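Here the structure comes first, spelled out in structure tokens, and everything after it is commentary.
The values are calculated or read from the model by the stated rules, or taken from the named source; none is laboratory data. If you're wondering where the values come from, they're calculated on a predicted model, not measured in any experiment. Here the Cβ positions follow ideal geometry from the backbone for every residue, glycine too, while neighbour counts run over all protein chains shown. Side chains are part of the model used for accessible areas, which takes the heavy atoms of the whole protein and leaves out ligands, DNA and RNA. Shrake-Rupley method; radii C 1.70, N 1.55, O 1.52, S 1.80 Å.
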Amino acid sequence: MRLIETEGLTKVYQREGHWFPSANDAMPAVDRVSLHVDKGETLGLVGESGSGKSTLARLLLGLETATEGRLLFGGEDVTRWGFKRLRTIRGRMQMVFQNSYSSFDPLFTVERIVGEPLSNYRGMLARERRCVVLESLDMVGLGAAYAERYPHELSGGQLQRVNIARALVLQPELLICDEPFSSLDFKLRRQMLVLLEELKIHLGLSYLYITHDLSSVSRFCDRVAVMYGGQIVETLPAARIAEDALHPYTRALLDAVPVQDPRLRRSKTGRPFGDPALPQGEGVTQGCRFCSRCPAAMPVCTTVEPALVRKRPFHEAACHLYANQIVKE
Ligand SMILES: Nc1ncnc2c1ncn2[C@@H]1O[C@H](COP(=O)(O)OP(=O)(O)O)[C@@H](O)[C@H]1O
Ligand SMILES: [Mg+2]
């Protein structure tokens, strides 16, 4: 069952501070994205910095308004819902942000931080709130003693647990985790992913797990969507990403995975990955966004934008290399 679904979702930011408008000014940060997360599913969203992942997350949460396209939550079209009406469903999806410390008020105790959504959305009083907060802290492995602490007294891992506890108090169905553990070291990141996995089983959660690093994706996610230049360029079962990835951009991301997970490094191309400093999509108004960095670019790639098409039962890719090819199992 679809929990959340987008159809051609697009967000264009007008660039400010330019005297002369250029074609780039209307470059969408999110460009015709059609994606879904099923109930109980963990969808990984990967792509380098600037590819539009956070903008897509904000669109899903209704924190930004789409320029075009549709957003459905639980089968209902919520695209044109106003801010007030969206509040009624916002409790059903919550966000776990990357940097906990800066997102917390340093003068608030953990109890107040975690309980804040309860006052904002449910109008709960302090005594009722405490009970829910302690329960939520317990779920993320923090004892009641942590309720009285302040953010500066906590480690990075504990702060991230508080962040998750705060996201859980409204009993959401979907957690959107935007690079939640990128400031943590490898071991801590593993522990946090195990925690998310446990919470998923106990609470029946679904996740959109946004990351720029692929090493956690194959273990933690059911399915992965790869984003480049505001577009989804490939979606496939996460466990098969190393073996099955078709898009040259996905393969390049796999090549960039640190040695910690050598399984993911096996590249089919073995070719160098364009110029990483080149702003993606810059100057590209037609053809494939990835064309200028692609080791396999063909003349058609500069003129015709490849559509995202099905290659295997649960595998879609947007690349001319596979234009007329349905991959055999
Ligand atoms: N509020 C904003 N105003 C203007 N441009 C923005 C805004 N937020 C994001 N962008 C632009 O949208 C693109 C995608 O950004 P973002 O969604 O943050 O990517 P990611 O999360 O993948 O790093 C970038 O080019 C960024 O500069
Ligand atoms: Mg981001």
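Observations, loosely collected:
- Leading residue by the ranking (nearest to residue 206 (Cα to Cα)) among those in segment 26-64 that are touching a Lys or Arg at 6+ places or on another chain (Cβ under 8 Å) and hydroxyl-bearing (Ser, Thr, Tyr): 42
- Any hit, segment 201-209, residues being within 16 Å of ligand 1 (Cβ to nearest atom), within 19 Å of residue 60 (Cβ to Cβ), part of a strand (DSSP E or B) and in contact with a helix residue (DSSP H, G or I) (Cβ under 8 Å, 6 or more places away or on another chain): yes
- The residue that is farthest from the chain's Cα centre (by Cα), counting only those in segment 172-199 that are at pLDDT below 95 and in a loop (DSSP other than H, G, I, E, B), is 185.
- All helices (runs of 4 or more DSSP H) inside segment 88-146 with 3 or more residues being aliphatic (A, V, I, L, M) and modelled with pLDDT of 90 or more: 110-122, 126-139
- Residue in segment 197-208 that is within 16 Å of ligand 2 (Cβ to nearest atom), touching a residue at least 12 places away in the same chain (Cβ under 8 Å), farther than 27 Å from residue 130 by Cα and buried (at least 21 other Cβ atoms within 10 Å of the Cβ) present: yes
- Condition met for residue 75 (modelled with pLDDT of 90 or more, surrounded by fewer than 19 Cβ atoms within 10 Å (Cβ to Cβ), on the phi > 0 side of the Ramachandran plot and away from ligand 2 (no atom under 16 Å from the Cβ)): yes
- Per this entry, residue 164 is not counted among residues that are crowded, with 23+ Cβ neighbours inside 10 Å and assigned to a strand (DSSP E or B).
- With respect to being away from ligand 1 (no atom under 16 Å from the Cβ), basic (Lys, Arg) and within 22 Å of the chain's Cα centre (by Cα), residue 92 fits the description.
The rows are residues; the columns are (1) touching an Asp or Glu at 6+ places or on another chain (Cβ under 8 Å); (2) not aliphatic (A, V, I, L, M).
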{"residue": "159", "(1), (2)": "no, no"}
{"residue": "163", "(1), (2)": "no, yes"}
{"residue": "181", "(1), (2)": "no, yes"}
{"residue": "185", "(1), (2)": "no, yes"}
{"residue": "191", "(1), (2)": "no, yes"}
{"residue": "194", "(1), (2)": "no, no"}
{"residue": "198", "(1), (2)": "no, yes"}
{"residue": "205", "(1), (2)": "yes, no"}
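- Number of residues in segment 33-72 that are hydroxyl-bearing (Ser, Thr, Tyr), away from ligand 2 (no atom under 16 Å from the Cβ) and over 24 Å from residue 199 (Cα atoms) equals 3.
- Number of residues in segment 41-59 that are away from ligand 1 (no atom under 12 Å from the Cβ) and either modelled with pLDDT under 95 or among the charged types (D, E, K, R) (or both): the value is 1.
- Residue, surrounded by the fewest Cβ atoms within 10 Å (Cβ to Cβ), within segment 78-109, restricted to residues that are more than 16 Å from ligand 2 (Cβ to nearest atom) and among the polar types (S, T, N, Q): 88
- Sub-9 Å Cβ pairs linking a first residue in segment 218-234 that is in a strand (DSSP E or B) to a second residue that is among the aromatic types (Phe, Trp, Tyr) and open to solvent by 20 Å² or more (accessible area, probe 1.4 Å), at least 6 apart or interchain, are 223/314, ordered by first then second residue.
- Hits in segment 62-72 (condition: buried (at least 16 other Cβ atoms within 10 Å of the Cβ) and away from ligand 1 (no atom under 13 Å from the Cβ)): 62, 66, 69, 71, 72
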